[in-house]
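**Q** The structure under discussion is supplied below as structure tokens; questions concerning it will follow.
Just so you know, all these numbers are worked out from the coordinates, no wet-lab data involved. These figures come from a predicted structure and were not determined experimentally. Reconstructed Cβ throughout: ideal geometry from the backbone, glycine too, with neighbour counts over all protein chains shown.
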Amino acid sequence: MKIDAHQHFWHYNDEEYSWMGAKMDALKRDYLPAHLHPLLTALDMGGTVAVQARQTLEETRWLLELADKYDFIKGVVGWVDLRSDRVEEQLELFSIERQFVGVRHVVEDEPETDFILGNDFVRGVQLLGSYGLTYDLLVRPNQLQAASELVDLCPDQPFVLDHLAKPPIALGAMNGWEEDIRRLAQAPTVYCKLSGMVTEADWQHWQLTDLRPYIDVVYDAFGPDRLMLGSDWPVCTLAGSYAQVIDVIADYCADQGPSASDILGDNAIRFYGLGEMLSDQ
């Protein structure tokens, strides 16, 4: 079964989605399950993991409600306040929902490169394992070293890196990023999503040859058993259609042979523990 391990939903408003700049007008509308479902059907995708886009408990509740209503949403990566004294209450509340599979914080927008190493934040991440939850690392290249240090502080915690840490694909640059990616990949508890690449490339003129060197690096660093397909829909539509983004990864995996087939679904099922949801259908 093919699984899209990274997509978003939202009811758009200016205040809560202020990160959408002037060149992102295409995103400034509602994106809901009814909009995604026909795209999944056309590509024979078996399900998705919906990932938070706002840092509110309200959104986490809403995503779980959507997962209850739409059976193609196999898991939810939500937000809780990992730095709060009440984080355990929040985790208790959401972890009773079996679709709640992980937590994410938008670390890429934090001004401090070592934000992720704050004592309260580390403590929150260290609590996730006792609830059977994963953690999505959303960082930029200058935050990768801190991400590796966080992984070292949480040796048993499952992590997945979103969007290859957003390397500067449009510039064709790799210096620093590749070294830090390879260091992070040394930890066997860390996976990586093949997602978010087209929006780091030239939106209008990207080609597969622009993306491939970056995919090659993470394929070599993580191996086919710790990579997973993710569309980053609807953000990806700034630079390409849903089908184009999925086809980039599917074609790459086909070129690698049978050993890469798990990237398209099985790795996400295993990492996020989606087997129970799939067995019920």
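**Q** From the cross-link list Lys23/Lys74; Lys2/Lys193; Lys2/Lys74; Lys23/Lys166, which pairs have alpha carbons spaced over 21 Å apart? The partial results should precede the final answer.
**A** Values: Lys23/Lys74 32 Å; Lys2/Lys193 14 Å; Lys2/Lys74 12 Å; Lys23/Lys166 18 Å.
Over 21 Å apart, Cα to Cα: Lys23/Lys74.
**Q** Further, regarding this structure: Using only helices, what value at 222 nm comes out for the chain when you add -39,500 (n - 2.57) per DSSP H run of length 4 or more and divide by the total residues, to the nearest 500 deg cm²/dmol? Show your work: numbers first, answer last.
**A** Numbers: 10 runs with 103 residues, N = 281.
Taken over the chain, the calculation gives -11000 deg cm²/dmol.
**Q** Once you order the gyration tensor axes a ≥ b ≥ c over the Cα atoms, which shape class does the range 57-196 get: rounded for a/c under 1.5, otherwise prolate or oblate by comparing a/b with b/c?
**A** Working: a/c = 1.97, a/b = 1.48, b/c = 1.33.
Prolate shape, in that a/c is at least 1.5 and a/b is the bigger ratio.
**Q** I've got another one for you. As I understand it, the dipole of the chain uses +1 on the Cβ of Lys and Arg and -1 on the Cβ of Asp and Glu, about the Cα centre. Which of Phe115, Tyr17, Ile73 lies farthest toward its positive end?
**A** Of the listed residues, the answer is Ile73.
**Q** I'd like the GluC sites (Glu not before Pro) in the range 1-92 restricted to DSSP loop residues with at most 13 other Cβ atoms within 10 Å, sorted by number.
**A** On the way: sites: Glu15, Glu16, Glu58, Glu59, Glu65, Glu88, Glu89, Glu92; in loops: Glu15, Glu16.
Listed in order of number, the matching sites are Glu15.
**Q** What nm distance separates the two modelled labels at Leu32 and Ala254, each placed 7 Å from Cα along Cα→Cβ?
**A** 3.5 nm
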